[in-house]
Structures are given as structure tokens and as C-alpha cells.
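S.K.: This is the structure, below, for whatever I ask next.
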């Protein structure tokens, strides 16, 4: 699994003109799923995301997690995170998992992240044409891939 995590002061996802989810202070997490991904990837990412110390403390040092600030999380599926641009100008998405694999893993990821956070996470709609708005705070953007844990 590959994620792009952005520290935000606000973020929302709109589908067909209707706001599906919106958060304030917290994290926007874009998640891409590969065919080989599984529960171990979900476990590792959920622990890392909720423990990631990228929010400022009283001294302005990034020393607090989303849990520490009682923040929110918005999760958006994004298969394009697995784009390969090695050949030509049209990206290949051959590494991105098909719907029958990625939908259940996405749902498990959101459910487990919600459990780790202790409250519901906002979500988009898998496979929908989504409009995502965010106000990146910092800016702080972190990329993690479960295939590169070390």
C-alpha cells in the first residue's frame, strides 16, 4: 500500500456536487492499493499514521500526533499512486489492484484506522469521480509505502 499523508486545517470530498465528508484539523490520507497488499500492510500503516508526530507542540516543534491533538482523518482511495511512468507519456496502472481486491482492503483500512483513531474517519467513495479540497498546513506532506518499510 502506498499513502500520501497531508497535514491539513481542513479537507473535504465532494461527489456529484454533494459533500460526502469533511474534516477540520487533521490528516488527509490518499491511499493506493496493490494486488499483493494485505492485513499486515493495513496494520503497519494504521499504526504509523496515527502515531506520526507531525503536529506542532507548544514550542512550534512537530512533536504531536493526530491522536495527541484529537484530530480527524479523511481517507481517499487513489489508484493513480501506483502509476508507472517509465515508458511513454501515458502512465500504466498495472500495479494497482483490481476492484475485487482493492475495495475490501480499502474498507478494512478505513475501519481499522477508525478503530486506532477512536472515532470515525471520513471517506470518499471508491471508484467515484471525486473532487477533493484541502488546505495543507505547513505544508506538510509525507509519502509512505509498505514495500519500503526500512
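S.K.: Which residues, counting only those in the stretch 70-90, are part of a loop (DSSP other than H, G, I, E, B) and more than 18 Å from the chain's Cα centre (by Cα)?
M.R.: Answer for the stretch 70-90, where residues must be part of a loop (DSSP other than H, G, I, E, B) and more than 18 Å from the chain's Cα centre (by Cα): 85, 86, 87, 88, 89, 90.
S.K.: Sticking with this structure for a sec: Go through the stretch 47-83 and count every residue that is modelled with pLDDT of 95 or more, touching a strand residue (DSSP E or B) at 6+ places or on another chain (Cβ under 7 Å) and over 19 Å from residue 116 (Cβ atoms).
M.R.: Adding up the residues that qualify gives 3.
S.K.: What about residue 3, is it assigned to a strand (DSSP E or B), in contact with a helix residue (DSSP H, G or I) (Cβ under 9 Å, 6 or more places away or on another chain) and farther than 17 Å from residue 137 by Cα?
M.R.: On the way: assigned to a strand (DSSP E or B): yes; in contact with a helix residue (DSSP H, G or I) (Cβ under 9 Å, 6 or more places away or on another chain): yes; farther than 17 Å from residue 137 by Cα: yes.
Yes, satisfied.
S.K.: Continuing with this model, one more query. Going by the conditions given, is residue 13 closer than 18 Å to residue 81 by Cα and part of a strand (DSSP E or B)?
M.R.: The answer is yes for residue 13.
S.K.: Can you pull out the residues in the stretch 40-61 that are assigned to a loop (DSSP other than H, G, I, E, B) and surrounded by 15 or more Cβ atoms within 10 Å (Cβ to Cβ)? Before the answer, list the steps.
M.R.: Applying the first criterion (assigned to a loop (DSSP other than H, G, I, E, B)) to the stretch 40-61 yields 52-54, 57-61.
Selection gives 52, 54.
S.K.: Evaluate the stretch 118-128: report whether one residue or more is on the phi < 0 side of the Ramachandran plot, surrounded by fewer than 13 Cβ atoms within 10 Å (Cβ to Cβ) and at pLDDT 95 or above.
M.R.: Checked the stretch 118-128: at least one residue is on the phi < 0 side of the Ramachandran plot, surrounded by fewer than 13 Cβ atoms within 10 Å (Cβ to Cβ) and at pLDDT 95 or above.
S.K.: Checking residue 102 against (1) under 16 Å from residue 32 (Cβ atoms); (2) in contact (Cβ under 8 Å) with a residue 60 or more places away in the chain; (3) in a strand (DSSP E or B), which single condition isn't satisfied?
M.R.: (3)
S.K.: Taking the stretch 69-98 as the region of interest, how many residues are exposed (fewer than 13 other Cβ atoms within 10 Å of the Cβ) and on the phi < 0 side of the Ramachandran plot?
M.R.: 9
S.K.: Of all the residues that make up the stretch 26-39, how many are touching a residue at least 60 places away in the same chain (Cβ under 8 Å) and either exposed (fewer than 15 other Cβ atoms within 10 Å of the Cβ) or assigned to a loop (DSSP other than H, G, I, E, B) (or both)?
M.R.: Total meeting the criteria: 5.
S.K.: Also, I was wondering about something else. Could you check the stretch 110-148 and list, in sequence order, the residues that are under 11 Å from the mean Cα position of the chain (by Cα) and in a helix (DSSP H, G or I)?
M.R.: The answer is 110, 113.
The values are calculated or read from the model by the stated rules, or taken from the named source; none is laboratory data. The model shown is predicted, which means the values in this text are computed figures rather than measured ones. Backbone-built Cβ (ideal geometry, glycine too); neighbour counts: all protein chains shown.
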